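The values are calculated or read from the model by the stated rules, or taken from the named source; none is laboratory data. Just so we're clear, the structure is a prediction, and the values are computed from it rather than from any experiment. Glycine also receives a Cβ, built like all others from the backbone with ideal geometry; neighbour counts cover every protein chain displayed.
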Amino acid sequence: MSTIINRFLMSMCIISVTMLTGCNQRKCTKPLVTVSLQPQKYMLEQITGDTYDVRCLLSNGGNPETYDPSFTNLMNTENSVAYLRMGNIGFEDAIVDKIHESNPSLPIVNTSEGITPVTGTHGHDQTDPHTWTSLRNARIIASNMCRAMSKIDPDNAKLFETNTKRFIARIDSLDSVATAHLAPHAGEAFAVWHPSLSYFARDYGLRQIAIGGHEHKESSIPALKNHVDEAHQSGARLFFIHKELDGRNADAVADRIGARRVDINPLSYDWLGQMNLIIHSFDNESE
């Protein structure tokens with residue numbers, strides 16, 4: 001009998017130690033904050049440094065038009081100190097109410113607040129959701145993030161403000177480069193498969209022609225031909241595609257337009273690198 005009791009006590013000790021270790025590990029982990037997209041994760045990490053574990057709902061390679069959050073995604077969001085949404089992404093609208101019901105006190109912040117919207121690219125009167133594909137918008141997004149995090153964590157407000165100023169200085173530097181590079185192209189057209197560069201085009205006086213329709217849906221054959229003809233007649237020399245999500249016939253479309261295909265990923269974590277790529281794609285198009 002004593003042997004059984006000893007074994008029982010030993011088992012209980014092991015369980016208790018394991019539970020205490022788990023609790024201690026949880027206390028040592030960084031607090032969570034959730035964002036919607038990888039470019040937001042990049043931006044927020046420039047602001048918060050290593051003070052927070054920034055989780056992103058949409059994984060690399062994910063499609064925001066078809067995304068359905070997992071139970072783990074929703075739990076991470078509910079356990080976060082805040083959910084910083086991009087502002088106009090379809091799946092955000094579908095989950096915000098659920099998140100609020102589960103955790104009414106969780107701050108939910110629209111990081112695109114204050115950005116003048118582009119409309120009509122994704123349907124009548126619908127706001128174009130791609131606010132982050134603009135350096136000038138990114139200044140606003142970063143400021144919104146800094147303001148939100150400083151309110152949530154006032155002890156680190158000075159750190160967030162310092163990091164945000166440093167990050168915005170980098171954005172401003174690239175914007176100056178873009179302004180100089182793209183000034184000779186003002187008024188020119190470029191083609192995209194999905195209209196993801198509307199705000200970029202607005203910033204620098206360019207014209208975006210969407211070939212493949214809205215919401216990553218394939219255009220009908222007649223509509224596709226009309227868009228291709230429009231791009232060809234406009235003299236578009238660049239055709240931007242998101243190769244993981246866009247049409248399979250991109251090379252054939254580029255040939256029909258007479259444009260150079262440029263593979264981009266507007267949903268990449270490497271947001272600054274992607275903006276550099278888009279800007280410098282125009283370098284050899286000044287004939």
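Just a few scattered comments:
- Residue in segment 141-160 that is buried (at least 20 other Cβ atoms within 10 Å of the Cβ), modelled with pLDDT of 95 or more, more than 20 Å from the chain's Cα centre (by Cα) and closer than 24 Å to residue 206 by Cα present: no
- When we screen 129, 195 for residues that are in the same structural domain as residue 250 (by TED's automatic domain parsing) and touching a residue at least 40 places away in the same chain (Cβ under 8 Å), the only hit is 195.
- Subset tally (residues that are touching a residue at least 60 places away in the same chain (Cβ under 8 Å) and in contact with a Lys or Arg (Cβ under 9 Å, 6 or more places away or on another chain)) for segment 83-114: 1
- Of the criteria (1) more than 23 Å from residue 114 (Cβ to Cβ); (2) hydrophobic (A, V, I, L, M, F, W, C); (3) touching a residue at least 60 places away in the same chain (Cβ under 8 Å), which one residue 74 fails: (3)
- In a residue-by-residue description of segment 257-273, the property of being at pLDDT below 90, within 30 Å of residue 45 (Cβ to Cβ) and surrounded by fewer than 19 Cβ atoms within 10 Å (Cβ to Cβ) applies to no position.
- Among the candidates 70, 36, the residue that is surrounded by fewer than 22 Cβ atoms within 10 Å (Cβ to Cβ) and either over 16 Å from residue 268 (Cβ atoms) or touching a helix residue (DSSP H, G or I) at 6+ places or on another chain (Cβ under 8 Å) (or both) is uniquely 70.
- Taken together, 223, 231, 180 contain a single residue that is over 18 Å from residue 136 (Cβ atoms), out of contact with any helix residue (DSSP H, G or I) (no Cβ under 7 Å at 6 or more places or on another chain), assigned to a helix (DSSP H, G or I) and not aromatic (Phe, Trp, Tyr), which is 223.
- Checking each residue in segment 141-182 for being hydrophobic (A, V, I, L, M, F, W, C), over 19 Å from residue 240 (Cβ atoms) and touching a residue at least 12 places away in the same chain (Cβ under 8 Å) picks out 141, 142, 145, 146, 148, 149, 152, 159, 160, 167, 168, 171.
- Leading residue by the ranking (farthest from residue 242 (Cα to Cα)) among those in segment 121-140 that are among the small types (Gly, Ala, Ser) and surrounded by 22 or more Cβ atoms within 10 Å (Cβ to Cβ): 138
- Selection status of residue 12, outside the structural domain of residue 146 (by TED's automatic domain parsing) and either assigned to a helix (DSSP H, G or I) or modelled with pLDDT under 95 (or both): yes
- Of the set (1) within 17 Å of residue 149 (Cα to Cα); (2) charged (D, E, K, R); (3) modelled with pLDDT under 95, all apply to residue 113 but (3).
- Enumeration of residues in segment 125-140 that are within 15 Å of residue 178 (Cα to Cα) and within 11 Å of the chain's Cα centre (by Cα): 133, 138
- The one condition in (1) within 20 Å of the chain's Cα centre (by Cα); (2) modelled with pLDDT under 95; (3) outside the structural domain of residue 265 (by TED's automatic domain parsing) that residue 164 fails to fulfil: (2)
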